[in-house]
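First the structure, in the form of structure tokens, and then the observations on it.
The values are calculated or read from the model by the stated rules, or taken from the named source; none is laboratory data. On a predicted model such as this, the values are computed, not experimentally measured, just so you know. Cβ coordinates were reconstructed from backbone atoms using ideal geometry, including for glycine residues, and neighbour counts include every protein chain displayed. Just the protein is used for accessible areas: all its heavy atoms, side chains included, with ligands, DNA and RNA removed. Shrake-Rupley method; radii C 1.70, N 1.55, O 1.52, S 1.80 Å.
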Amino acid sequence: MFYQLYELNHAALRPMRIAAEVGRMALRSPFNPLAGTSLGRSLAAGFEVFERTTRRYGKPEFELPVTTVDGVESPVTERVVWRQPFCELLHFERALPEGRPADPKVLIVAPMSGHYATLLRGTVEAMLPAHEVYITDWIDARAVPLTEGGFDLDDYIDYLIEMIHHLGAGVNIVAVCQPSVPVLAAVSLMQEDGDPLSPATMTLMGGPIDTRISPTAVNKVAHDKGLGWFERNVIMRVPFPHAGAFREVYPGFLQLGGFMSMNLDRHVSAHKEFYLHLIQGDGDSAEKHRDFYDEYLAVMDLTKEFYLQTIETVFLKHALPEGTMTHRGRPVRPSAIRDTALLTVEGELDDITGMGQTQAAHTLCSGLSADKQMDYVQPGVGHYGVFNGSKFRANIQPRIADFIRRHARGAVTSAPEAEPAATPEVEPVTVAEAAPAPVAAPKRRRTVKSGE
């Protein structure tokens, strides 16, 4: 019933949101004598804050119409090249000169953890100039009819393997946060099978490979509550008239509430500052607030089976580092990886995925030689800064690009478009102080530090 009450509350506030928007527009009109007064600005600002804090935010757009390739502006066309009920694969196709050598293919696996793939807009934008970029665009579970069946962690891994096969040889896969575990599992299975289409490189960024290391508040909640608590308290049925009506899901608004409660004082302060910026006429600061929260507050539902299986596998049983993870009954063995080079990236201040959790992948991939492994810790950034922001663009993205170039193999031509169904090199150096040592890291792994 809670989901239905949430929808009812949203519907009940609709007339007030409309009235607030009308009031804001009226107070901004140049024909209104109150428009330029302190009272008028204060009222208009209050109306906008109310409307924005009570609205439902729809799925944002990537809005990346152009990029710069070889110093020349190049148009970008967004195309769906592969589709399944719970995911679409987007290709950001650049208009390149005929005969120009193809760039490495990069498959960015966006997190399926409540936000849309557009959360990685900055990641895509930074990779576009020198790569053929694809990204997983996960579908909101409340928009998928029950007739399409379920979607769990095993299906997620199957989707990844299908997408890699669709793109062909020479793919470089980049997992941001949550997908690090299924990506590592998919590559392990492909390598064990001797699959010639296995990715050339695998980059894991802020991923919960081993959540026993440096546990964060997120990890502790999962451990303290237990699987049964989550099934009883956060799983709900999608209400009518959504296309996925009656599907059991973990609602996105609950996930958003959990994330916001972790830094509630920061969000309250941000909205207070937004209100003051509107009154003061600081348009640039107000627009930055709008841009961030338009993205942050847009959330999607996750299927019950995927959510609960992820909690059990990753946060409770620690199945991957314990060596007990299976895919449709088959053991997942990261030690089978021998050809796919591994790069791990962490943020020093990450409060979602603790330091060392992603680095643990190197210990699991014991079959990889020293020259195919590298880890990097970015000082001074939290979880979001691992894949976005100025330090990502200046320090992290160039290292990923360099790693991909050095380990590229096979064909790098673009994958065929499917009909929709009905930077300078960076030399690695040693770092000693950037990360604590919660696990024994392989001595052969090369590590690098920002600014050197």
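Assorted remarks:
- Averaged over residues, the count of other Cβ atoms within 10 Å places the peptides 373-380, 48-55 in the sequence 373-380, 48-55, highest first.
- Positive-end extreme of charge dipole, the range 270-397 - chosen from 323, 303, 357 (charges on Cβ): 323
- Normalised by 2.2 N^0.38 Å, where N counts its residues, the alpha-carbon radius of gyration of the range 114-272 equals 1.20.
- Surface per residue (accessible, 1.4 Å probe) for the chain, Å²: 44 Å²
- Hydrodynamic radius (Kirkwood) for the range 181-274, which is based on Cα pairs only, to one decimal in Å: 17.3 Å
- Whole-percent carbon and sulfur share, accessible surface of the chain, 1.4 Å: 56 percent
- Packing around the peptides 191-203, 355-367, taken as the average count of other Cβ atoms within 10 Å per residue, puts them in this order, highest first: 355-367, 191-203.
- P(r) weight above 20 Å for the range 224-354, C-alpha pairs, percent: 66 percent
- Measure of compaction for the range 15-145 (Cα Rg per 2.2 N^0.38 Å): 1.51
- Calculated [θ] (222 nm, deg cm²/dmol) that DSSP helices of n ≥ 4 give over the chain, each run adding -39,500 (n - 2.57): -11000 deg cm²/dmol
- In the context of the full protein assembly, residue 235 retains an accessible surface of approximately 30 Å², using a probe radius of 1.4 Å and ignoring ligands and nucleic acids.
- Stretch gain in nm, segment residue 280-residue 322, where the contour uses 0.36 nm per residue and the Cα spacing is subtracted: 9.5 nm
- Extension gain, residue 335 back to residue 39 (0.36 nm per residue minus Cα-Cα distance, nm): 99.9 nm
- Based on the reciprocal of the average 1/r between different C-alpha atoms, the Kirkwood radius for the range 1-75 equals 15.5 Å.
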